[in-house]
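Notes to accompany the following structure.
The values are calculated or read from the model by the stated rules, or taken from the named source; none is laboratory data. Bear in mind the structure is a predicted one, so any value in this text is a computation, not a measurement. Methodologically, a virtual Cβ is constructed for each residue, glycine included, from the backbone with ideal geometry; neighbour enumeration extends over all protein chains shown. With ligands, DNA and RNA removed, areas are computed over all heavy atoms of the protein, side chains included. Shrake-Rupley method; radii C 1.70, N 1.55, O 1.52, S 1.80 Å.
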Amino acid sequence: MSTDDQVSLLSFDNEVFRLYAWYATAVTVKMMLMSIYVSQYRLRRKVVENPEDVRGDKVKAFRRDEDIERGRRCHRNDMENIPPFLIVGLLYVLTGPTVYNATWYFRVFAGSRFFHTVAYLLPLPQPSRALGFFVGWCTIVSMAINVLKTGQM
Amino acid sequence: MSTDDQVSLLSFDNEVFRLYAWYATAVTVKMMLMSIYVSQYRLRRKVVENPEDVRGDKVKAFRRDEDIERGRRCHRNDMENIPPFLIVGLLYVLTGPTVYNATWYFRVFAGSRFFHTVAYLLPLPQPSRALGFFVGWCTIVSMAINVLKTGQM
Amino acid sequence: MSTDDQVSLLSFDNEVFRLYAWYATAVTVKMMLMSIYVSQYRLRRKVVENPEDVRGDKVKAFRRDEDIERGRRCHRNDMENIPPFLIVGLLYVLTGPTVYNATWYFRVFAGSRFFHTVAYLLPLPQPSRALGFFVGWCTIVSMAINVLKTGQM
């Protein structure tokens, strides 16, 4: 592959990059919606973490709310998994994969994370959530192996 | 736009990329300074999380320190918002925006995060911090919509 | 440097990028292994965070397990440091550094994070872990300064 061909890999004219940009943005926005999910519970239930946020009863304001804690755990799980996908996925695009392979990697990852969120928040009985996590995790590691092979020393 | 034009988007010769690189690095360093902010309190007040870190009184070492917890919450909020900006911002650069639009997006995001940190750590009365968070959040989502439109299926 | 030269910076043909891709993927996979490290303790010791995960004794399931908490703290420290490296490192590649400089930056960062993990999990006596953290932190800040200089306004 010539340098010119490789260079154009990071362009919306490259179908693989276009797919990456779309799925990467979709899962990032999904992760950011977790902030809103947790915030609306905090506002409605007046449960806070900071003294300056208290409205109304000061003692009840610092109680533990299970829905808020669940939302925060789901958000943290996203933060553990989505940033790795964003970078490994970008490097994977630069290895020049086929559109077919890339489509499936991105689709499976995004699907697994949306499923993970639903399974976490409803919640669905286990091992639903564990499966959602594990499929996404394996997708990243599989792309990572492709990157390591392409860039091997 | 020809492929060659798009390709050169990720170069310091491209004003939009140069701005992205500058603001992305500035907010990342700001986030990393949160580690130092929390660590200096830990060192000075001898408040630790790990038994191997204890110096002096073992019981007091594991007490809850409100400044440390506040610093950690501020850091976590950065981790929830700054990595999404870093990737969505990079993809936004690749959509080929005008320098004018890009400058405002990056400037508003960086400004909102610096303001959020000040509002969190002083703290300023609410809704200062909420505003800082929300403006930054909307900036990312707005850039994300641009990316999704450019890469639409 | 011509635009064409700069453009080819993000290609596996560019030795500096190849090194970045390799080390960035290696530290990301390392970070992701923290999920497995924590999960295996949760499974073996039946310590959970969510009611739907309980197998066996419901009260013991929610107890605090020091190894799990340690693994989570180590994972959080990775999340505070590795995503900044991933972006700052990528921007640093685009500044066109020498292979010699880039190799040392990436090698020292990766080494410091692997050492940090070992020092955290064993644990090694302090200041081992603090040193691992601090060396990695300085590496990122040093690369960030290079990026800010290259993109200065």
Is there a residue being among the hydrophobic types (A, V, I, L, M, F, W, C) and touching a Leu at 6+ places or on another chain (Cβ under 7 Å) anywhere in the stretch C:134-150? yes
Looking only at the stretch B:11-24, filter to residues that are among the hydrophobic types (A, V, I, L, M, F, W, C) and assigned to a helix (DSSP H, G or I); which one of those is most open to solvent (accessible area, probe 1.4 Å)? B:Trp22
The stretch A:25-49, subset more than 25 Å from B:Leu122 (Cα to Cα) and in contact (Cβ under 8 Å) with a residue 40 or more places away in the chain, residue most open to solvent (accessible area, probe 1.4 Å): A:Tyr37
Scanning the stretch A:15-49 for residues that are over 24 Å from A:Met79 (Cβ atoms), at the interface with another protein chain (Cβ under 9 Å from one of its Cβ atoms) and of a type outside the set (Lys, Arg) gives A:Phe17
Selection from the stretch A:77-123 of residues basic (Lys, Arg) and either under 23 Å from A:Asp67 (Cβ atoms) or free of Cβ contacts under 8 Å to residues at least 24 places away in the same chain (or both) yields A:Arg113
Give me the helices (runs of 4 or more DSSP H) completely within the stretch B:50-153, filtered to those with at least 2 residues that are surrounded by fewer than 21 Cβ atoms within 10 Å (Cβ to Cβ) and within 8 Å of another protein chain (Cβ to nearest Cβ), ordered by residue number. B:66-94, B:128-150
